[in-house]
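Following: one structure in structure tokens, then a few remarks.
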Amino acid sequence: MTEYKSIITNHKIEKVKLHVNDLQTGMYICDLDRPWRETPFPVLGFEIDNNQTIQEVMQYCQYVEIDVDRSRVEDVVINQLPPGSIFNVNGSSFQLDEIETAESLRKQTTNLVNTFWDEIRYGISPDIYLAKSAAQECVASMLRNPEMMIFLVQLQSKDGHRGQEAFNSCIYSLLIGHLLNLTHKQLQNLATSALLHDMGKVLIPEDILNKTGKLTDEEHSIIRTHSQAGREIILSSGSLSLGTADVAYAHHENLDGTGYPRGLQGDQLSMFSKIVGVVDKYDAITSTMPYRPARDHFRAVYILKYLARDKKIDERLCTMLTTYLGVYPPGSIVELTSKEVAIVLNSDPSRRHQPQILVVRDKHKEPCQRFVDLTEKSVDENGDTYRIAYMHRTGDFGIYPNQYFTLILQSIG
Ligand SMILES: [Fe+2]
């Protein structure tokens, strides 16, 4: 069972950077955003024992790092994230050349994964090591501008396309890895692992992968072989780490031991397998599958929370992803109280309910195009409250956010 134990199996998350507004009693502060000597706090760190301590920390610091293992809290809930890692407070701040570069990277990466599939199916050994270079580029882009990369992923139509799935998982995984303060090298390994985690599906017959009806038990069994097949493909390359093979092997395991193929539990799973396990589920739920339409973000968050509560997936990693994405992530299709329908573009993290939007259907559901910043517009022309009322699924009213990509680029360039 431990033959292919990951090189990161024993990796522990030690520190998480938090805004002081997110501090809770029981958290153990191990680092500050200023020299300890400029504060009255003990240099070896300290536990927050009451709200008074939180108030004192707020007087000196904006961000602190907490030692997760030494903290006595059930969840680290992050509402306000560190600077440079999250949306700029001013909202749309992407440079046109930046997003064009990112879009080019997305296309190259998805094409690379698609090429791997084609080569394997034609009996050609792919140069899987190239995934490592692509992963490095993804890490660099995420570190430069994570909000833009998430924006890019969220805006795509999620149709179960293998290359796009791999890219989505890579970017969502890097988001969590970034929030966990993983090192650059760890992020590169995580990105490579996420990009290749589902490669084993290449050996599953297309008629099973694309089946629109209910799978038989035998077909389920065949699909489940993709974990081991993926591990073997990665190992056969001879150029990637055991950790990458381990993620392919273990990304369908559950913390409670009910997953497959080995029924591993909790600490038997590497942190990277847990991360990819969470993001793979989020992406699958919000993607169109042959046997069901895509589900909206609300539904995905609900399902993930349910899975976390039942100890199928890691609750803290789940919370990191869903908290970052917020209530209305970019690319969401929302209906306003005015009956107009819009695509969410971007939002200030402190005002997640008031994003910038592109209205694409008027109140009669006729096509239109109008940019609105809900932080600036609180009432409609009739003086009625102007806010988001519902979330719809991609494709509702014939709206696919990626069709507006050029227009959106122009608006933020
Ligand atoms: Fe999978």
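The values are calculated or read from the model by the stated rules, or taken from the named source; none is laboratory data. Keep in mind that this is a model prediction, so the values were computed, not measured. Counting neighbours? That spans all protein chains shown, and the Cβs are built from the backbone with ideal geometry, glycine included.
Restricting attention to region 185-202, the residues that are in contact with a helix residue (DSSP H, G or I) (Cβ under 9 Å, 6 or more places away or on another chain) and more than 12 Å from the ligand (Cβ to nearest atom) total 9. Just wondering, is there one or more residues in region 289-299 that are assigned by TED's automatic domain parsing to the domain that holds Asp246 and farther than 29 Å from Ile208 by Cα? The answer is no; no qualifying residue exists. Between Asp384, Asp396, Asp362, the distinction of being charged (D, E, K, R), outside the structural domain of Arg292 (by TED's automatic domain parsing) and under 21 Å from Phe151 (Cα atoms) belongs to Asp396 only.
Considering the conditions (1) among the aliphatic types (A, V, I, L, M); (2) surrounded by fewer than 21 Cβ atoms within 10 Å (Cβ to Cβ); (3) within 16 Å of the ligand (Cβ to nearest atom), Ile275 is excluded by exactly one of them, (2).
Confirm whether Asp362 is in contact (Cβ under 8 Å) with a residue 40 or more places away in the chain and either surrounded by 14 or more Cβ atoms within 10 Å (Cβ to Cβ) or in contact with an Asp or Glu (Cβ under 9 Å, 6 or more places away or on another chain) (or both). When the stated conditions are applied, Asp362 does not pass them.
Across region 350-376, what is the total count of residues that are of a type in the set (A, V, I, L, M) and either in a loop (DSSP other than H, G, I, E, B) or modelled with pLDDT under 85 (or both)? Of the residues in region 350-376, 1 are of a type in the set (A, V, I, L, M) and either in a loop (DSSP other than H, G, I, E, B) or modelled with pLDDT under 85 (or both). Inside region 227-263, residues that are among the small types (Gly, Ala, Ser), surrounded by fewer than 22 Cβ atoms within 10 Å (Cβ to Cβ) and more than 20 Å from Ile204 (Cβ to Cβ) make up a count of 5.
Filter region 267-296 for residues that are in contact with a Leu (Cβ under 9 Å, 6 or more places away or on another chain) and not in a helix (DSSP H, G or I) and give the result. If the condition is that a residue be in contact with a Leu (Cβ under 9 Å, 6 or more places away or on another chain) and not in a helix (DSSP H, G or I), then Leu269, Pro290, Tyr291 are the ones that fit. Answer yes or no as to whether Asp280 is within 16 Å of the ligand (Cβ to nearest atom) and closer than 30 Å to Val344 by Cα. It is true that Asp280 is within 16 Å of the ligand (Cβ to nearest atom) and closer than 30 Å to Val344 by Cα.
Evaluation of Ser338 against the conditions (1) in a loop (DSSP other than H, G, I, E, B); (2) under 22 Å from Asn402 (Cβ atoms); (3) not assigned by TED's automatic domain parsing to the domain that holds Ala135 shows that the sole unmet condition is (2).
Scanning region 227-266 for residues that are at positive phi and part of a helix (DSSP H, G or I) returns a single hit, Gly266.
Conditions (1) within 23 Å of Thr394 (Cα to Cα); (2) in contact (Cβ under 8 Å) with a residue 24 or more places away in the chain; (3) more than 15 Å from the chain's Cα centre (by Cα); (4) not assigned by TED's automatic domain parsing to the domain that holds Tyr282, marked per residue:
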{"site": "Thr115", "(1), (2), (3), (4)": "no, no, yes, no"}
{"site": "Arg121", "(1), (2), (3), (4)": "no, yes, yes, no"}
{"site": "Asp159", "(1), (2), (3), (4)": "yes, yes, yes, no"}
{"site": "Ser169", "(1), (2), (3), (4)": "yes, yes, no, no"}
{"site": "Ala194", "(1), (2), (3), (4)": "no, yes, no, no"}
{"site": "Glu206", "(1), (2), (3), (4)": "no, no, yes, no"}
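Taken residue by residue, region 164-184 has at least one member that is away from the ligand (no atom under 16 Å from the Cβ), among the hydrophobic types (A, V, I, L, M, F, W, C) and assigned to a loop (DSSP other than H, G, I, E, B). For region 208-226, filtering for residues that are without any contact (Cβ under 8 Å) to a residue 40 or more places away in the chain, in a loop (DSSP other than H, G, I, E, B) and more than 16 Å from the ligand (Cβ to nearest atom) leaves 1.
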